[in-house]
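We did not get these values from a lab; they are worked out from the coordinates using the rules stated. As the structure is a computational prediction, the values presented were derived from the model and not from experiment. For neighbour counting, all protein chains shown are included, and Cβ atoms are generated from backbone atoms with ideal geometry for every residue, glycine included.
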Amino acid sequence: MKKIIIIAVVVLLLAGGGVAAYMLLGKDSSTPAVEGAGTGPDQAEQPQEVEVDPIYLALDPAFVVNFENNGSLRYLQLSLQVMAYDQAVLDKVAANTPAVRNELIMLFSGQDYDRLNTLEGKEGLRKSVLDSINRVVKLKGDGVVQDVFFTGFVMQ
């Protein structure tokens, strides 16, 4: 009988020690110890930030256009990728690829060689590409292409 009582006391002490260790050492400091504790007006209004990985879509094949510069014919080859946080946005871009490519070819062929030779010119072109893509696929609000990246840029 004494053995059973001793075993029961040891089990209760171990269980209590385990719970205490979990509460003190293993508890995440951002969660309240008691349910409902710490949900005052300040904490209830703070939105929880969720990190979402960007998704990329390559606009293949590369764009190759010619344009005139001071009477001479120049060539521009561009490879680019678009980035969004929502796959539905990239699906819409992919579904409208012919219209997007047409708009971008017209944009690229109207560029000035001397301007594109500068960092500011390339950055301005990148912003114009982003605006053109969002305009063509008529995306608004949160459902937009977030960014455009040149993955290849050759002028000749």
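At-a-glance table
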quantity	calculated
Residues with amide H under 5 Å from that of VAL137, placed H, sequence gap 5 or more	none
In sequence order, calculated HN-Hα J values of segment 144-155 (Karplus, 6.51, -1.76, 1.60; Hz; x Gly/Pro)	10, 5, 7, 7, 10, 10, 7, 9, x, 8, 10, 10
Estimated inter-spin distance, GLU120 and PHE67, nm [label 7 Å along Cα→Cβ]	1.6 nm
Range of Cα positions in segment 99-156 per principal axis (Å), largest first	36, 20, 17
Fewest-first ranking of GLU51, GLU103, using other Cβ atoms within 10 Å as the exposure measure	GLU51, GLU103
Karplus-derived HN-Hα couplings along segment 71-84 (A = 6.51, B = -1.76, C = 1.60, θ = phi - 60°), whole Hz, x at Gly and Pro	x, 10, 8, 10, 10, 10, 10, 10, 10, 8, 10, 9, 10, 8
Segment 52-125 - Kirkwood radius from inverse mean 1/r over Cα pairs (Å)	13.8 Å
Long-range HN-HN contacts of ASP147 with modeled amide H, under 5 Å	MET83
